[in-house]
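A.B. asks: Can you read through this structure? Questions will come right after.
What follows is calculated from the coordinates using simple rules that are stated; it is not laboratory data. These figures come from a predicted structure and were not determined experimentally. Neighbour counts are summed over all protein chains in view; Cβ atoms, including those assigned to glycine, are modelled from backbone coordinates with ideal geometry.
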Amino acid sequence: MSHAGRQASAAARTPPGDGSAPEAPVDAGRKSWRDVIGAYVGLTKPRVIELLLLTTVPVMFYAARGVPELGTVVWTVLGGTLSAGSASVFNCVYDRDIDEQMRRTRRRALPRHIVSPLAALVFGFVLGIGSTIVLYLGVNGLSALLSVTAIAFYVFVYTMLLKRRTTQNIVWGGIAGCFPTLIGWTAVTGELAWTPVVLFMVVFFWTPPHTWALALRYREDYANVDVPMLPVVKPAGEVGRQIVLYSWVMVVTSLLLWPVAGTSLVYPVAAAVLGAVFLVEAHKMWSRARSSDALAEINPMRLFHASNLYLSLLFVAVALDPLLG
């Protein structure tokens, strides 16, 4: 379907008076420099960047078996920020037609016409090229290559190929969000190893429970724009079941770091406790989803926020293990 056709189709399914009409465009003459700067920053999805860096830096600590060199951390964080920002900008440009129709995204810069698609596209390329230069010159070539691969995977495989075609979109598309574990490791060691691969897989199995919980909250939004997220095409009870399955695999995978990397007891104890708490939350949500299809009863955002806390604390444990073990 064409760009215009997708807009018309989505608009036709939006009931009148439901409060979900697109935001009115911002008058070009009324845009302040603060509006424009804020719009460009928003295109990079800062919250996503924060989460990605939260998996990068702790891996650097573990790879260094202590505190890594400050310069390496600074260049890696800067390059990673630019890289993640670039991927997000390209995603916003491609998805601008559906972003206009979704309550969660309609206040973004492109739907509100604060930034033009061409300007955003140029911005995305500048960030991507900048990240590659920073990582290549400030860190190493392997980290730069992994960064470029992550951007390409997110844009071409997830955004353009999978997102609008399959319920498994975020399962395989989520691979892009796993690359920071590899980049953090190679930034310190200059080579790949099994330790970052295990952490890569932890993030891979964490992504479906995290994203499907959020998608449950906004399933009507996704349905209105024909994005086949799992909560759109499957009942909440089935979504809850799959969330529980992925959660169990995630927790088991997280414990594999102990024998693979030879951690001290600090990490496995933390991973076991955090995993147990997360599994309890996942099972509770599944139970609620089997009893009712109402969002107020399911409360998927509780699990969504729990998933953020779980990943944050797990990677804090990764960083602390060589310091305290």
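A.B. asks: Using each residue's phi in segment 250-265, evaluate 6.51 cos²θ - 1.76 cosθ + 1.60 at θ = phi - 60° and report the 3J(HN,Hα) Karplus result to the nearest Hz, with x for Gly and Pro.
C.D. replies: Once θ is set to phi - 60°, the couplings for segment 250-265 become 4, 5, 4, 4, 4, 6, 5, 4, 4, x, 5, 9, x, 6, 7, 6 Hz.
A.B. asks: Based on Cα positions only, what radius of gyration and what Dmax would you give for segment 240-293, in angstroms?
C.D. replies: 13.4, 44
A.B. asks: Right, something else. Can you compute 3J(HN,Hα) from phi for each residue in segment 36-49, using the Karplus curve 6.51 cos²θ - 1.76 cosθ + 1.60 with θ = phi - 60°, rounded to whole Hz and x for Gly and Pro?
C.D. replies: These are the phi-based 3J(HN,Hα) values: 5, 4, x, 5, 5, 4, x, 4, 7, 6, x, 5, 5, 4 Hz.
A.B. asks: Okay, next question. Of T167, A63, V157, whose Cα points farthest to the positive end of the dipole of segment 31-179 (charges on the beta-carbon: +1 Lys, Arg; -1 Asp, Glu; origin at the Cα centre)?
C.D. replies: T167
A.B. asks: What full-extension length gain, to one decimal in nm, is calculated for H305 and S116 as 0.36 nm per residue of separation minus the Cα-Cα distance?
C.D. replies: Fully extending the segment from H305 to S116 adds 64.8 nm.
A.B. asks: What dipole magnitude, in Debye to the nearest 20, does the chain give about its Cα centre under +1 on Lys/Arg Cβ and -1 on Asp/Glu Cβ?
C.D. replies: Taking the Cα centre of the chain as origin, the dipole is about 560 debye.
A.B. asks: Can you grab the distance from the C-alpha centre of segment 190-266 to the C-alpha centre of segment 118-175, Å, no decimals?
C.D. replies: After rounding, the separation between the Cα centres reads 20 Å.
A.B. asks: Go through [x] 1.04; [y] 0.98; [z] 0.95 and flag the label whose value is the computed Rg/Rh (Cα atoms, Kirkwood Rh) for this structure.
C.D. replies: Of the listed options [x] 1.04; [y] 0.98; [z] 0.95, [y] comes from this structure.
A.B. asks: In a solvent-free Debye calculation with one equal scatterer on each Cα, what is log10 I(q)/I(0) for segment 193-325 at q = 0.14, 0.18 Å⁻¹, listed in the order of the q values?
C.D. replies: At q = 0.14, 0.18 Å⁻¹ the computed log10 ratios are -0.62, -0.90.
A.B. asks: Hey, another quick one. If you add up the charges near L54, with Lys and Arg at +1 and Asp and Glu at -1, over every other residue whose beta carbon is less than 15 angstrom from its beta carbon, what do you get?
C.D. replies: +1
A.B. asks: Under 25 Å between C-alpha atoms is the cut-off here; go through the chain and count lysine pairs that meet it, provided they're at least eight residues apart or on different chains.
C.D. replies: The result is 4.
A.B. asks: Could you please report the charge total around W286, scoring K, R as +1 and D, E as -1 over all other residues with beta-carbon less than 15 angstrom from its beta-carbon?
C.D. replies: +2
A.B. asks: Let me ask another. Using the alpha carbon gyration tensor of segment 44-153, what are the three equivalent-ellipsoid semi-axes (square root of 5 times each eigenvalue), largest first, in whole Å?
C.D. replies: 30, 15, 10
A.B. asks: Looking at the chain as a GNM with Cα springs under 10 Å, which of T167, T159, T56 has the largest mean-square fluctuation?
C.D. replies: Maximum fluctuation in the GNM of the chain, among the listed residues, is at T167.
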